[in-house]
Amino acid sequence: MLSTMQDVPLTVTRILVHGALVHGSSQITTWTGEGEPQRRSFREAGTRAVQLAHALRDDLGVTGDERVATLMWNNAEHVEAYFAIPSMGAVLHTLNLRLPAEQLVFIVNHAADRVVIVNGSLLPLLAPLLPHLPTVEHVVVSGPGDRSLLDGAAVRVHEYEELLAGKPTTYDWPEIDERQAAAMCYTSGTTGDPKGVVYSHRSIYLHSMQVNMAQSMGLTDRDTSLVVVPQFHVNAWGLPHATFMSGINMLMPDRFLQAAPLAEMIESERPTHAAAVPTIWQGLLAELHAKPRDVSSLTQVTIGGSACPPSLMTAFDELGMRVCHAWGMTETSPLGTIARPPAHAVGTDEEFGYRLTQGRFPASVEARLTGPGGERLPWDGESAGELEVRGPWIAGAYYGGQGVEPLRPADKFSEDGWLKTGDVGTISADGFLTLTDRAKDVIKSGGEWISSVDLENALMSHPDVTEAAVVAVPDEKWGERPLATVVLKAGSAADFESLRAFLADEGKIARWQLPERWTIIESVPKTSVGKFDKKVLRRQYAEGELDVTKL
Ligand code: ADP
């Protein structure tokens, strides 16, 4: 028997129309560095999204599912592009402005982007690439920057504001199949070439509802979210869509991502929530210690992208900024798990432990663990295996390119269609995920596994350590052993013997797991989305560039 319910497509257009109408007075505030921030209501942004769609269709001739790329910071114009492009049926391709040039060229060509909307401040990045981007016909420039950098480029150049001016303020949005592509994002390539993930209208819609659930970020129109996670990093974790659904105000940092301006905008704009990867928060913490500010408005901080060190969570708790840890990937939209402790643990000794896990799976994300021999492992909180997931906002393939079938590499997708995450961990009986490591970062020492993350967290809880990354290096006897690379606080005199003793102290780390190879570095190399780049450390070690002491 078929249901008797209406079959209304779940589209980004619906989110736009709803947000602009029902939450029209909610605000997008964009930091400008000096003077008043730019303030724009959802109603105004919604109207401007309509005008942008007209400009793209009528002036630039964008039709069908053509790709329109953005090379932009987090700001109101980027939010307008987020809604205009999918709503008119085209596909938004957010470009990661921190990718190396050759990877940017690769992904623009692979996606066959026809238009690039770029912030003026990023023209020095885009202009030299244009000769290598044959599919790009139009460049639309928004915000301050030196336009002359585009002189002589074989593209048509437009001003964002001029394109919008005088355009109609209503649009007869097309009927879109909810399974159509709405947006695409390439993985940041931490573990290989960037791979294109294509989100559907439906996956974005359902994911936005999940983000808004009380058990997830649970924000409302009384909140203001400081969206530090870039809009090119998995759709800023779904926040621009989720905010339009619920009227949550957005505070956008634009290009002012250093700790000092972030602290300043928290103090003056008083957001209640913020989202970013741990490295951003480590920086903010140091800034707040050096120069205390009133950050009392900020009571919820979503941290994900890499494991949140316990020391960071504790330090934030002390400042009244409660961390909520979450796990996800480009392939999972990204919300996969979020660490809200279960009711029975709240207020008990167990609570902190639950908050440190990667979190609990929501109803729409199914999970299973696969052991080294392909066997299914129980959810007992002890059996560790590779995490596989499936659900309506989980990728089932990568974009193959125009006219090419989607790609389903066997190391990323199981035969029965689950995503193999490459993350290794355990799941407790009540559905909490604890990741021990990435499969590629685990240190395989004499048939046993050592978690690089456990070693890093223990090291970073030492008062003299700013950052620490641990990588596997070849060892004649054991196959692999850990190499500890440590960034010390200025003026610290800690030596390797004492750091090693600190790790062994109180059984923090089992003796056989203690690193014997140590080196001091100035900073941990980071990927384009601010994660520890262990590929670089492994290469530096292999090429003898690190000054390693063996204890
Ligand atoms: P890339 O894979 O290119 O780094 P993603 O942003 O998609 O780009 O990264 C997803 C990966 O980040 C996950 O597979 C996982 O290894 C790591 N990750 C994300 N969140 C967490 C977390 N809370 N704890 C530990 N690892 C995390």
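The values are calculated or read from the model by the stated rules, or taken from the named source; none is laboratory data. Computed from a predicted structure; not experimentally measured. All Cβ positions, even for glycine, are placed from backbone atoms using ideal geometry, and neighbour counts span all protein chains on display. Calculation scope for accessible area: heavy atoms of the full protein, side chains included, ligands and nucleic acids excluded. Shrake-Rupley method; radii C 1.70, N 1.55, O 1.52, S 1.80 Å.
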Those residues of segment 433-447 which are more than 13 Å from A472 (Cα to Cα) and either open to solvent by 10 Å² or more (accessible area, probe 1.4 Å) or among the β-branched types (V, I, T) (or both), in sequence order | T434, L435, T436, G447
Out of curiosity, is P463 away from the ligand (no atom under 13 Å from the Cβ), out of contact with any helix residue (DSSP H, G or I) (no Cβ under 8 Å at 6 or more places or on another chain) and more than 25 Å from G283 (Cα to Cα)?
-> no
Out of V50, V118, report the one residue that is within 25 Å of T29 (Cβ to Cβ), among the β-branched types (V, I, T) and in a strand (DSSP E or B).
-> V118
Hey, does segment 349-364 have a residue that's among the aromatic types (F, W, Y) and open to solvent by less than 20 Å² (accessible area, probe 1.4 Å)?
-> no
All strands (runs of 3 or more DSSP E) inside segment 235-321 with 2 or more residues being in the same structural domain as R355 (by TED's automatic domain parsing) and either surrounded by fewer than 23 Cβ atoms within 10 Å (Cβ to Cβ) or within 16 Å of the ligand (Cβ to nearest atom) (or both) | 273-276, 300-303
For M217, the lone unmet condition from (1) surrounded by 24 or more Cβ atoms within 10 Å (Cβ to Cβ); (2) hydrophobic (A, V, I, L, M, F, W, C); (3) in contact with a Gly (Cβ under 8 Å, 6 or more places away or on another chain); (4) over 12 Å from S333 (Cβ atoms) is (3)
Single residue of segment 419-432 satisfying the filter (open to solvent by 10 Å² or more (accessible area, probe 1.4 Å) and more than 21 Å from the chain's Cα centre (by Cα)) that is nearest to the ligand (Cβ to nearest atom) = T426
Considering each of L356, L335 in turn, give the residue that is modelled with pLDDT of 95 or more, farther than 30 Å from V198 by Cβ and within 13 Å of the ligand (Cβ to nearest atom).
-> L356
Might you let me know whether segment 173-186 holds any residue that is over 28 Å from T47 (Cα atoms) and part of a strand (DSSP E or B)?
-> yes
With respect to V465, determine if the residue is aliphatic (A, V, I, L, M) and closer than 30 Å to P362 by Cβ.
-> no
Residue ID - nearest to V301 (Cα to Cα), chosen from residues in segment 371-389 that are more than 15 Å from the ligand (Cβ to nearest atom) and in a strand (DSSP E or B) = L377
In segment 465-513, anything closer than 21 Å to P525 by Cβ and acidic (D, E) is listed as E467, E480
Picking from W393, W379, which residue would you name as being over 22 Å from F106 (Cα atoms), open to solvent by 40 Å² or more (accessible area, probe 1.4 Å) and either in contact with a Leu (Cβ under 8 Å, 6 or more places away or on another chain) or outside the structural domain of K195 (by TED's automatic domain parsing) (or both)?
-> W379
Please indicate, with yes or no, whether at least one residue in segment 442-451 is among the hydrophobic types (A, V, I, L, M, F, W, C), at pLDDT 95 or above and in contact with a helix residue (DSSP H, G or I) (Cβ under 8 Å, 6 or more places away or on another chain).
-> no
Of all the strands (runs of 3 or more DSSP E) wholly in segment 432-551, which have at least 1 residues that are free of Cβ contacts under 8 Å to residues at least 60 places away in the same chain?
-> 432-438, 443-445, 465-475, 479-488, 517-520
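This table checks each residue for (1) crowded, with 17+ Cβ neighbours inside 10 Å; (2) closer than 29 Å to P334 by Cβ; (3) modelled with pLDDT of 95 or more; (4) under 30 Å from the mean Cα position of the chain (by Cα).
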position: E467; (1), (2), (3), (4): yes, yes, no, yes
position: K477; (1), (2), (3), (4): no, no, no, no
position: P482; (1), (2), (3), (4): yes, yes, yes, yes
position: A494; (1), (2), (3), (4): no, no, no, no
position: G507; (1), (2), (3), (4): no, no, no, no
position: R511; (1), (2), (3), (4): no, no, no, no
position: R517; (1), (2), (3), (4): yes, no, yes, no
position: G530; (1), (2), (3), (4): yes, yes, no, yes
